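Values quoted throughout were computed directly from the atomic coordinates according to the rules given, and no laboratory measurement underlies them. Computed from a predicted structure; not experimentally measured. Quick reminder, even Gly has a Cβ in these numbers, built from the backbone with ideal geometry, and neighbours come from all protein chains shown.
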Amino acid sequence: MAKIQTEAAYRAAMKRIDELLPITGDEWPSDDPNMNELVLLSDLVEEYEKEHCPIEPPSLVDALRQKMFEEKLSQSATAELLGISAPHFSEIVRGKTEPSLPLARKISRKLGIPAEVVLGV
């Protein structure tokens, strides 16, 4: 299978995808040449981005802050939800200390933060 090798080729593929999106749709038959080109280019772009533009998972601190923002939770409310002291939670949110394994489990389960993020793996 072909592979996008350069930034210029990547930009050209993205431009062509932008052109194809308005003229294709979910109802188009799979044997449509435009749909086939769109699928092929999308796969090539995805592979290029995985190699050249990887998205790193968020840190625990970023994930905690995002979850608190989304749920409109204060640090003290989040600490209470997790069953720990507000000062201890503050140390975790500031990146000064890491949670114990039992606390990491609670963070993952109660806040819905993936275990990989909580454990930094």
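Near residue 82, once Lys and Arg are set to +1 and Asp and Glu to -1 for all other residues with Cβ below 12 Å from its Cβ, the sum equals +4.
Of the trypsin sites (Lys or Arg not before Pro) found in the stretch 69-121, those in coil by DSSP whose Cβ has at most 11 other Cβ atoms within 10 Å are 72, 94, 96. A DSSP coil position with no more than 15 other Cβ atoms inside 10 Å describes the following GluC sites (Glu not before Pro) in the stretch 19-118: 27. Taking all Cα-Cα distances within the stretch 7-52, those exceeding 17 Å account for 31%. Here's the list of lysines a cross-link from residue 50 could span, going by alpha-carbon distance under 22 Å and ignoring same-chain residues fewer than 8 apart: 3, 15.
Among [x] 37; [y] 60; [z] 54, only one was calculated for this model; which label is it, if the read-out is percent of Cα pairs over 19 Å apart? Comparing each candidate, only [y] matches the computed number. Were the residues from residue 31 through residue 8 laid out at 0.36 nm apart, the gain over their Cα-Cα distance would be 5.4 nm. In this label model, residue 98 and residue 70 are separated by 2.3 nm, measuring between points 7 Å along each Cα→Cβ vector. Where only DSSP H runs of four or more residues are counted, the chain gives -19500 deg cm²/dmol as its mean residue ellipticity at 222 nm, each run worth -39500 (n - 2.57).
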